[in-house]
There are 2 protein chains.
Amino acid sequence: MLKVGYIGLGLMGKPMALNLLKAGFPLMVHNRSRAAVEALCASGAQAGHSPSEVARWADVVITNLPDSPDVEAVVLGENGVLSRGHPGLIFIDHSTIKPASARKIAAHLTAAGIAALDAPVSGGQIGAINGTLTIMVGGEPEALERVRPVLEAEGKTITWIGPSGAGQIAKAANQIMVAAQMVAMGELLLLAQKAGADPVRVVEAIRGGAAQCWTLDVKPQRLFQGVRTPGFKARMQAKDLNIILETAREYGMPLPATAVNAQLFQAMLENGLGELDNSAVIAVLENLAGIHLVEPDRTEN
Amino acid sequence: MLKVGYIGLGLMGKPMALNLLKAGFPLMVHNRSRAAVEALCASGAQAGHSPSEVARWADVVITNLPDSPDVEAVVLGENGVLSRGHPGLIFIDHSTIKPASARKIAAHLTAAGIAALDAPVSGGQIGAINGTLTIMVGGEPEALERVRPVLEAEGKTITWIGPSGAGQIAKAANQIMVAAQMVAMGELLLLAQKAGADPVRVVEAIRGGAAQCWTLDVKPQRLFQGVRTPGFKARMQAKDLNIILETAREYGMPLPATAVNAQLFQAMLENGLGELDNSAVIAVLENLAGIHLVEPDRTEN
């Protein structure tokens, strides 16, 4: 069975790594903070002390990190994956980073005989825990086929999109839609409230029609209960939207609606709300509207 | 069985009226153009020559018209429903109109002993044909219970929202989400295309994840085939968005994302694209981006 090295045991990485252990893959883990490493080791993983140690031991190295600079440092930096990666090693990055950064990393690794797949995921922490993630893959299809059993332990829908960076483009596309739905949900809930129509009934009425979406299926009941904890952190959504706008500028693609949505998520950060769920973008709209969806003391801000 | 009068046999009204006939309701129909009336009469309906004639005959009068002035004219105007409506008559409006207009109509009818329900629908022409519409109802719950068998012949999910106008508020909420998804779909498809990631694969990858929605389930394959015919007409989506912005202004609710989406649908009208499907808002983004999703000769513009 393929020996898997896992670097980055955050909100997503930790449950995904656990699913690899459950599927029987020998696992070495590395993470900046020790608590998650110890939790994984208690479940049968071994600890790696640096990305290079993980890369030397493993057949497949997976990263799951916050942003482009983090992945570049872990792969290309001192004691990085590249420094001790052996030809035949396959590198998989589950982080959401700039497509241009994914292509740069892949170029360096490929030159050293290491195949690289950008494989960002969608489906949230729930999907990570249940192994039902959507995984969007860019890179060589042959490399994907070799690691498919690994990805199948982490997710349900695994789709090859195209060459290096294409997985990140698909993730950008995903985040364009998710951000649009989160903002639209906030706008429609507060309009209903201001106009005197019960937002709970409104959601019940519309979620089976043309407006149907995972967002309306899952998020409103949490908001109605005053629950705004992640889920998927607003600061990650804001980061993803900045990646999208930067990438779109690079390719000459105007995104008028996404630009507005990005500004609203940016406003969350300016208001110190970045650690909340992305659905909590409704808080920015509440500020604009001068009302609250539920009494503030019921909201876990 | 309740005798039903149906006024307005357009893209939505005609199949909905047919479903009432199939369910066995005695039906009198009225429409500005004759072709739809004749089609319904061939299936067993009788023709009414004015809204007042329909109102005198029926137990329930249904309207399904383009906009607020049309409904006001048919109900409150010369030879309108109100002029011959008898106490005990129930009026149902399936049109999408201003909540304020719905409340005004209801006030006039209620004063004459006629119950009024605003009951806009969602689910498109497919939903109208298959009888799977979502129906959002404002008005007296007792009146809704009396006409529920009628509504159940037209739709699947019937939800009481609140007093008069509340059905229209729910529909506004619905259209906020639908417009957001249509624009986001256009943006993400064209970004993928410009960035060299196959939009078909991108949609395949993301439609099962957090971005999941009816829009992504149904619309992209039509766009990939160059099909931009309605479905739901862009000029109706633009009208609905203008109603939403006007209503939001009335209630003091800023809608930054919906405002941008409304502008993009307005741009469709300025470009003579109002008769296309609402998913064809991608044409406006194509103009901004200087590319086409599919070759123009494959697009039914």
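The values are calculated or read from the model by the stated rules, or taken from the named source; none is laboratory data. Here the structure is a predicted model, which is why all the values come from computation and not from measurement. Virtual Cβ from ideal backbone geometry, glycine too; neighbours counted across all protein chains shown. Just the protein is used for accessible areas: all its heavy atoms, side chains included, with ligands, DNA and RNA removed. Shrake-Rupley method; radii C 1.70, N 1.55, O 1.52, S 1.80 Å.
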Could you identify the single residue in A:293, A:285 that is outside any loop (DSSP other than H, G, I, E, B), open to solvent by less than 40 Å² (accessible area, probe 1.4 Å) and more than 7 Å from every other protein chain (Cβ to nearest Cβ)? A:285
Can you tell me which of (1) more than 12 Å from chain A (Cβ to nearest Cβ); (2) open to solvent by 40 Å² or more (accessible area, probe 1.4 Å); (3) assigned to a helix (DSSP H, G or I) is the one residue B:249 doesn't meet? (1)
Take the residues in the stretch B:196-209 that are crowded, with 24+ Cβ neighbours inside 10 Å and at the interface with chain A (Cβ under 7 Å from one of its Cβ atoms); name whichever of them is farthest from residue A:210 (Cα to Cα). B:197
Conditions first: (1) in contact (Cβ under 8 Å) with a residue 12 or more places away in the chain; (2) closer than 19 Å to residue A:191 by Cβ; (3) open to solvent by less than 10 Å² (accessible area, probe 1.4 Å). Residue B:114 passes all but one, so which condition is the exception? (2)
With respect to residue B:112, is the statement that it is at negative phi and more than 10 Å from chain A (Cβ to nearest Cβ) true? yes
Residues of the stretch B:184-210 being within 16 Å of residue A:134 (Cβ to Cβ) and either of a type in the set (Lys, Arg) or in contact with a strand residue (DSSP E or B) (Cβ under 7 Å, 6 or more places away or on another chain) (or both), which ones? B:197, B:201, B:202, B:204, B:205, B:206, B:207, B:208, B:209, B:210
Could you look through the stretch B:160-169, keep only residues that are more than 7 Å from chain A (Cβ to nearest Cβ) and in a helix (DSSP H, G or I), and pick out the one that is surrounded by the most Cβ atoms within 10 Å (Cβ to Cβ)? B:167
Would you check if there is a residue in the stretch A:187-201 being within 19 Å of the chain's Cα centre (by Cα) and in contact (Cβ under 8 Å) with a residue 24 or more places away in the chain? no
Being open to solvent by 20 Å² or more (accessible area, probe 1.4 Å), in a helix (DSSP H, G or I) and farther than 21 Å from residue A:137 by Cα is the requirement here; does residue A:32 meet it? no
Picking from A:172, A:211, A:205, A:179, the residue that is hydrophobic (A, V, I, L, M, F, W, C) and part of a loop (DSSP other than H, G, I, E, B) would be A:211
Would you please name the residue that is most open to solvent (accessible area, probe 1.4 Å), looking only at residues in the stretch B:264-278 that are more than 8 Å from chain A (Cβ to nearest Cβ) and part of a helix (DSSP H, G or I)? B:270
Which residues, counting only those in the stretch B:35-52, are over 20 Å from residue B:11 (Cα atoms) and either part of a loop (DSSP other than H, G, I, E, B) or open to solvent by 50 Å² or more (accessible area, probe 1.4 Å) (or both)? B:49, B:50
Residues of the stretch A:126-153 satisfying the condition of being surrounded by 17 or more Cβ atoms within 10 Å (Cβ to Cβ) and within 13 Å of chain B (Cβ to nearest Cβ): A:127, A:128, A:133, A:134, A:135, A:136, A:137, A:138, A:139, A:144, A:151
Pairs with Cβ under 6 Å, 6+ apart, first in the stretch B:87-108 and within 13 Å of another protein chain (Cβ to nearest Cβ), second hydrophobic (A, V, I, L, M, F, W, C) and open to solvent by less than 10 Å² (accessible area, probe 1.4 Å): B:99/B:169
Do the conditions hold for residue A:9, that is, is it on the phi < 0 side of the Ramachandran plot, buried (at least 17 other Cβ atoms within 10 Å of the Cβ) and over 20 Å from the mean Cα position of the chain (by Cα)? no
